[in-house]
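Report on one structure; see the data block that follows.
Every number in this text was worked out from the coordinates using simple rules, so none of it is lab data. As the structure is a prediction and not an experimental result, all values here were calculated from the model. Because the Cβ atoms are built from the backbone with ideal geometry, glycine has one as well, and the counts that use them run over all protein chains shown.
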Amino acid sequence: MCGKMPVDYKGAVDYIEELPRFTKKHPLNHTKEFMKRLGSPARRCKVIHVAGTNGKGSVCAYIQAILQAEGKSCGFFTSPHLIAVNERIQIDRRPVDDRCFFEVFRDAFRAAQDMEQEGLGHPSYFEFLYGMGMLTFDRAAVEYIILETGLGGRLDATNSVERPILTVITSISLDHTDILGNTISEIAYEKAGIIKPGVPVFFDGGNEEAAQVIRKEAGKKAAPCREISKNAYEIQEVHRNYIAFSRRNAYDKDVMWRVPICGCYQAMNLEIALEAMEYLLQAGKDSICYPEGWADAVAAVRWEGRMEEAAERLVVDGAHNPGAIEAFAETFQMLESDQREEPVLIFSAAADKNYEKMIEYLCEHVKARAYIVTEIEDSRRVPADKLGSIFEKYTDRKVMAFAGLGDALRAAFEERGEGRIYCLGSLYLAGMVKKLMAGGFIHA
């Protein structure tokens, strides 16, 4: 696979995007070998490791905002990207530029080439980018690194980090069942694989079946365990552009926390981040700006693809599994309850998702004047006509199918009247919509 080294950024991106065709998932020992050949980068950094089915990215974004408010330099490795692969490697919340990306790529390329020539196998797509991320953070000499797992946790490449300072597990629901297991308990076990001996773990205790597994795994490893429930906060306001809540915390019970991402579930995500950072930074003792400074920091967070208004009355959301669809529906019902016209829904999905369950739930809980289906630009796309047939099983509302996103959007604009358009089902779809709208898409 290696061949000749690309000569510029575009060539590097093309090379990386070809990796899934030639590589496969490797055991953690392979990732550790790759990291060793890269010089064991960022080994002196303080790593915060985050896993979960939904909410990982948001929790990471809040943690990063708080660390930056405290004057800490912070690397953030996340996935997937919406538009450019650089989004996966961020320093102080900014994706690395093309020049930095290419410089780090060259070193990762050489290490991968050596491994392949020695018969060890080329790093996978995710492994390769993870290695690039850690090299980037090492060279930037960041103090903290926030690692978002890619898939699962126990066998994820990011789990090659042996001694994080903190682990976090967000909400758990059924997703990637063909890989992680068919039950909440099985999936929770994989997520809990990031828990390390003696390292504190903070987790969403909203699902008791998952919580039991996490408690058990934490107990086995003598890891201090902090379970966070919905009793920790009270939502005060749900607005189209934000949610506001208060905490049942003696330190800051009078502070109103505002998250500029519309979604009731964001209160839990922020509460997890707050409690983790209170522990880590010993808020009220060593913190220089808690709680008001933290509140200002999280109020300024921008997390793309999550209930984001990509254009006027056009909302994109990355909900791509049944748990996320349920969370979307809860927020949708609050936002649309007083609207005069029902919205239009655009939906697409990847074949490895439980899209029929997602569609069934949408038809029951998210009433739209029309359901429009389209296809993502990925080999795992589900044909639009197949998705359309499933929608027709569960609703008597208008269903329209278009293979191309442009045609789907044009139909949605024609149908919406004075209502809104919601696009969901896949983060790929969210990225496609944002890219199309940024390119000056004309729907008339």
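Legend: residue pairs K10/K72; K36/K353; K32/K216; K191/K386, Cα-Cα distance threshold 29 Å; pairs beyond threshold, K10/K72; K36/K353; K191/K386. Give me the base-10 log of I(q)/I(0) for segment 8-55 at each q in 0.13, 0.19, 0.24 Å⁻¹, Debye formula, one uniform scatterer per Cα, rounded to two decimals. Normalising to I(0) and taking log10 leaves -0.55, -1.03, -1.04. Counting only aspartates and glutamates at least 8 places from K393 when in the same chain, those with an alpha carbon closer than 18 Å to its own are E356, E360, E364, D385.
Suppose we look only past 25 Å in the calculated P(r) of segment 86-216. What percent of the Cα-Cα pairs does that tail hold? Percent of Cα pairs beyond 25 Å in segment 86-216: 37.
Shown here for segment 225-329: chymotrypsin sites (Phe, Trp or Tyr not before Pro) in loop regions (DSSP other than H, G, I, E, B) with at most 14 other Cβ atoms within 10 Å, namely Y251.
Sparsely packed loop sites in segment 347-392 (the GluC sites (Glu not before Pro) outside DSSP H, G, I, E and B with at most 14 other Cβ atoms within 10 Å) comprise E377.
So which aspartates and glutamates can K230 reach, going by Cα to Cα under 17 Å and dropping same-chain residues fewer than 8 places off? Reachable aspartates and glutamates: D204, E208, E209, D252, E271, E275, E326, E330. The Cβ shell under 9 Å around V213 holds other residues with a net charge of 0, Lys and Arg each +1, Asp and Glu each -1. Taken along the Cα-to-beta-carbon direction at a fixed 7 Å, the label points for D114 and E17 span 3.0 nm. Counting only Cα atoms, the size of segment 95-165 along its three principal axes is 35, 32, 18 Å, in decreasing order. In segment 69-140, Cα pairs under 8 Å separated by at least six residues give a relative contact order of 26 percent. Projecting the Cα atoms of Y125, M115, G71 onto the charge dipole of segment 9-299 (Cβ charges, centred on the Cα centre) puts M115 farthest toward the positive pole.
Exposure proxy shown here: for E227, E237, the number of other Cβ atoms within 10 Å sets the order, fewest to most, as E237, E227.
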